[in-house]
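The block underneath contains the structure these notes are about, expressed in structure tokens.
The values are calculated or read from the model by the stated rules, or taken from the named source; none is laboratory data. Because the structure is predicted, anything quoted here is derived from the model rather than measured. Glycine gets a Cβ as well: all are built from the backbone with ideal geometry, and neighbour counts include every protein chain shown. Calculation scope for accessible area: heavy atoms of the full protein, side chains included, ligands and nucleic acids excluded. Shrake-Rupley method; radii C 1.70, N 1.55, O 1.52, S 1.80 Å.
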Amino acid sequence: MTYAFPTGGLPKQSESPESTAIFTTAYACLPARTHRDIVTSLLPGWTKTRAWIFARPLSGFAETFAQYAIELGRDGGSASPEPDSNAQAILFVADGHGRLTINQEQHDLRAGSYAYIPAGAQWTLWNTSDHLFKVHWIRKRWEPASGLTHPPVLVTHDDDHPPVAMPDTNGVWATTRFVDSNDMRHDCHVNIVTLQPGGRIPFAETHIMEHGLYILQGTADYLLNTDWVKVGPGDFLWLRAFCPQACIATGQEPFRYLLYKDVNRHPKL
């Protein structure tokens, strides 16, 4: 498997600034070519690390989550990565090798590794190689609910979770679910959706879940509200709740994306 990640750098002066970047009240499309060095941030408590921040809670934009791509240099990382004790974390490794320690238990990570870290857990993350360690990081405040405790720590790998085909699709549309979708302790899911070339979401989904969507592999035509947008590896999409969406996978390889959505809680009134 290949997993896209920002390449950084800077376009040549000969390139046109015209872009397919789109920002609306219903959705945003941040193409891979916009994820350059000049839009990275340094983070308090992290060393030899830079971050692309694709989504953050903001009026008229993301409401439930923040989504990063963090690049750790040699010996880079953090002994105190999370500033909010109420925040849970989902990590997905795009490239490189690192060590995640959660409540004093160590886990060696590689491309395709997935980790769920509950709110309040003590964790650290370090690059353990001479090469860059590239990680997708999603943060969300955990929402308590009557009778529910925090979900447990989970560290697993993409290879250990075969995609489950959607009904009546002959396997051309499938979802990799890392946690049990019936586990009500989770108030968000981060899955990988895979569509084979020509596969499609054959209706305009319109639902309460907000989405953060990072394209890991392949290309597609994606319906966002009323617009069809061509997307590819490294593009990031934000979809507001109830924004109509559908897609058709194009090209000669699978179309895969890392998908965040908020679930299993009543709307706040």
### Query
Can you name every residue in region 108-127 that is more than 30 Å from P267 (Cα to Cα) and surrounded by fewer than 17 Cβ atoms within 10 Å (Cβ to Cβ)?
D108, R110, T124
### Query
Which of the residues spanning region 23-57 are in a loop (DSSP other than H, G, I, E, B), within 30 Å of T226 (Cβ to Cβ) and not basic (K, R)?
T24, T25, A26, P31, H35, P57
### Summary
Picked from region 163-186 (must be surrounded by 16 or more Cβ atoms within 10 Å (Cβ to Cβ) and β-branched (V, I, T)), the residue farthest from G112 (Cα to Cα) is V172
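Every residue, every condition in (1) within 23 Å of I102 (Cα to Cα); (2) hydroxyl-bearing (S, T, Y); (3) without any contact (Cβ under 8 Å) to a residue 40 or more places away in the chain; (4) out of contact with any helix residue (DSSP H, G or I) (no Cβ under 6 Å at 6 or more places or on another chain), yes or no:
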site	(1), (2), (3), (4)
H136	yes, no, no, yes
V155	yes, no, no, yes
D160	yes, no, yes, yes
I208	no, no, no, yes
L224	no, no, no, yes
### Message
Looking at the structure I just gave you, is A79 open to solvent by 10 Å² or more (accessible area, probe 1.4 Å), in contact with a Phe, Trp or Tyr (Cβ under 7 Å, 6 or more places away or on another chain) and among the hydrophobic types (A, V, I, L, M, F, W, C)?
### Response
no
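This table checks each residue for (1) closer than 21 Å to T176 by Cβ; (2) surrounded by fewer than 19 Cβ atoms within 10 Å (Cβ to Cβ); (3) of a type in the set (A, V, I, L, M).
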site: C188; (1), (2), (3): yes, no, no
site: L195; (1), (2), (3): yes, no, yes
site: E205; (1), (2), (3): yes, yes, no
site: I208; (1), (2), (3): no, yes, yes
site: L213; (1), (2), (3): yes, no, yes
site: P233; (1), (2), (3): yes, no, no
#### Entry: Qualifying positions in region 56-75 - touching a residue at least 60 places away in the same chain (Cβ under 8 Å) and under 22 Å from D187 (Cα atoms)
F61, A62, E63, T64, F65, A66, Q67, Y68, A69
### Message
Suppose we keep only residues that are open to solvent by less than 10 Å² (accessible area, probe 1.4 Å) and farther than 27 Å from S59 by Cα within region 248-269. Which one would you say is nearest to the chain's Cα centre (by Cα)?
### Response
R256
### Task
Would you be able to say whether some residue in region 84-102 is assigned to a loop (DSSP other than H, G, I, E, B), open to solvent by less than 40 Å² (accessible area, probe 1.4 Å), in contact with a Cys (Cβ under 9 Å, 6 or more places away or on another chain) and not aliphatic (A, V, I, L, M)?
no
